[in-house]
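A short worksheet on the structure shown next.
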Ligand code: PEP
């Protein structure tokens, strides 16, 4: 039986302005105010412009709901128009930062090298990276999904010291399942998540790999979360679309009910 605390994280993507964010987090805070869900860590990843509002709300909630950003610059500061740095996110007391989401890889041409630099920037400023990996449809159809995903894991963690790697969160998100309603079968997801843990054991140690949380992401909903969470190497979910509906996200957090 794993001792890893499940992490349910809502990736809002480019949705919810700061007023909508306040209303949404208030709903979550009320719905999750009892003790039942304490064995699950809950986080939201709002757009940058909502972070201050979310911080103000959850401060009074003793940080039961954690929050983080959807991206981070590899640089600490300077002439990088439009980017947001690790020191800025740390100042807003973010816990997490998603790095290498497939939408960043696809629309912003993020490479494993850049993803690796961002992972290091996150640790430099006390943030926990949620390193996103996963294959496109054609890669899965060619049967190369495991090797493709493991190469992204290796690239993202390159030269990362063990004391940092042991707290990383990996989100396995098959690109063809993101926002499409096509959920990866729980056993198929388990196959890749187990291989990811094996790769981390090879890079570091089994002991360290056993501490790392691996999430599944891709059309997770209240109706499929329990089956996904029943898999031995899946320690949470990165939830996009369904996290925008507070009632639905609460049901996902309470997957054991
Ligand atoms: C995501 O954006 O990381 C994601 C998994 O989206 P969705 O849940 O909508 O598939």
GNM result for the chain, Cα springs below 10 Å: residue of 152, 206, 70 fluctuating most strongly | 206
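Can you pull a Stokes-Einstein diffusion coefficient for segment 141-257 at 25 °C (0.890 mPa s), Rh from Kirkwood over Cα pairs, as a whole number of µm²/s? Write down the numbers at each step before the final one.
Numbers: Rh = 14.7 Å.
Estimated diffusion coefficient is 167 µm²/s.
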In percent, how large is the relative contact order of the chain, given Cα pairs closer than 8 Å and 6 or more residues apart?
-> 20 percent
Normalised contact order of segment 69-194, rounded percent, pairs of Cα under 8 Å and 6 or more residues apart | 24 percent
Over segment 155-257, what relative contact order in percent results from Cα pairs under 8 Å that are six or more residues apart?
-> 30 percent
Exposure proxy check: 45, 28 ranked by fewest other beta carbons within 10 Å?
-> 28, 45
Under a 10 Å cutoff between Cα atoms, tell me which one of 69, 98, 242 has the largest fluctuation in the Gaussian network model of the chain.
-> 242
Proxy reagent accessibility, fewest Cβ within 10 Å first, across 96, 249 = 96, 249
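Is it possible to state the helix-based mean residue ellipticity at 222 nm for the chain, with each DSSP H run of 4+ residues giving -39500 (n - 2.57), the sum divided by total residues, to the nearest 500 deg cm²/dmol? What is it?
Details: 12 runs with 105 residues, N = 257.
Estimated from H runs of four or more residues: -11500 deg cm²/dmol.
With a 10 Å Cβ neighbour count serving as the proxy for reagent exposure, in which order, fewest first, do 104, 140 appear? Could you put the intermediate results ahead of the total?
Working: 104 18, 140 21.
Lowest to highest Cβ neighbour count: 104, 140.
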So how far, in whole Å, is the C-alpha centre of segment 54-117 from the one of segment 126-171?
-> 17 Å
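Bear in mind that the values in this text are calculations on the coordinates, not laboratory data. Just so we're clear, the structure is a prediction, and the values are computed from it rather than from any experiment. Note: ideal-geometry Cβ built from the backbone for every residue, glycine included; neighbour counts use all protein chains shown.
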